[in-house]
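Here is the structure we will look at, set down as structure tokens.
No lab work stands behind these numbers, since they all come straight from the coordinates. Only a predicted model underlies this, so the values are computations on that prediction, with no experimental measurement involved. Virtual Cβ from ideal backbone geometry, glycine too; neighbours counted across all protein chains shown.
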Amino acid sequence: MDVSGPDTAASPPAENESPSESGQETSSIPEAPVATRCYSHGKQETDEEFDARWVTYFNKPDIDAWELRKGMNTLIGYDLVPEPKILDAALRACRRLNDLASAIRILEAVKDKAGPHKEIYPYVIQELQPTLNELGISTPEELGIDKV
């Protein structure tokens, strides 16, 4: 039984000799194609472009509650803590929709994303404080729901 694979297969016969003349047997099993992945080699998005894309998304004047939740779910799914300017736009979208619950969920999600890096969440709250005051949004800590 011949168990030669693609790496051990004999070379094909020359153009002017038949398989029997070259001493090779013809195989009835065709070689399997090699699987390859084609990754995009397109332009990488910079941090500034990423931030601008999300700020633009949340600044849409006609954003609805589903788009807000979908956007936040996608954003939180990334391996990063969103920049305060993105969160500012998201909180303003919550205010346009009159959705206080989503605004507080956004702040809770940011605290959760910061994980063991205890300096990130206070920084984000510090940067967002003028917006929170302007929009009348309390932090989870001010509401006492961070202890539950």
Hits in segment 51-77 (condition: aromatic (Phe, Trp, Tyr) and in contact with a helix residue (DSSP H, G or I) (Cβ under 9 Å, 6 or more places away or on another chain)): Trp54, Tyr57, Phe58
Any residue at all in segment 92-111 that is on the phi < 0 side of the Ramachandran plot and in contact with a Lys or Arg (Cβ under 6 Å, 6 or more places away or on another chain)? no
For segment 86-105, which residues satisfy the criterion of being among the aliphatic types (A, V, I, L, M), under 20 Å from Tyr121 (Cβ atoms) and touching a residue at least 12 places away in the same chain (Cβ under 8 Å)? Ile86, Leu87, Ala89, Ala90, Leu91, Leu100, Ala103, Ile104
Quick test for you: out of Leu75, Leu68, pick the one residue that is among the aliphatic types (A, V, I, L, M) and either within 18 Å of Leu128 (Cα to Cα) or in contact with a His (Cβ under 8 Å, 6 or more places away or on another chain) (or both). Leu75
Would you point out which residue out of Glu108, Glu83 is closer than 22 Å to Glu49 by Cα, of a type in the set (Asp, Glu) and in contact (Cβ under 8 Å) with a residue 24 or more places away in the chain? Glu83
What residue, of Leu100, Leu107, is touching a Leu at 6+ places or on another chain (Cβ under 9 Å) and hydrophobic (A, V, I, L, M, F, W, C)? Leu107
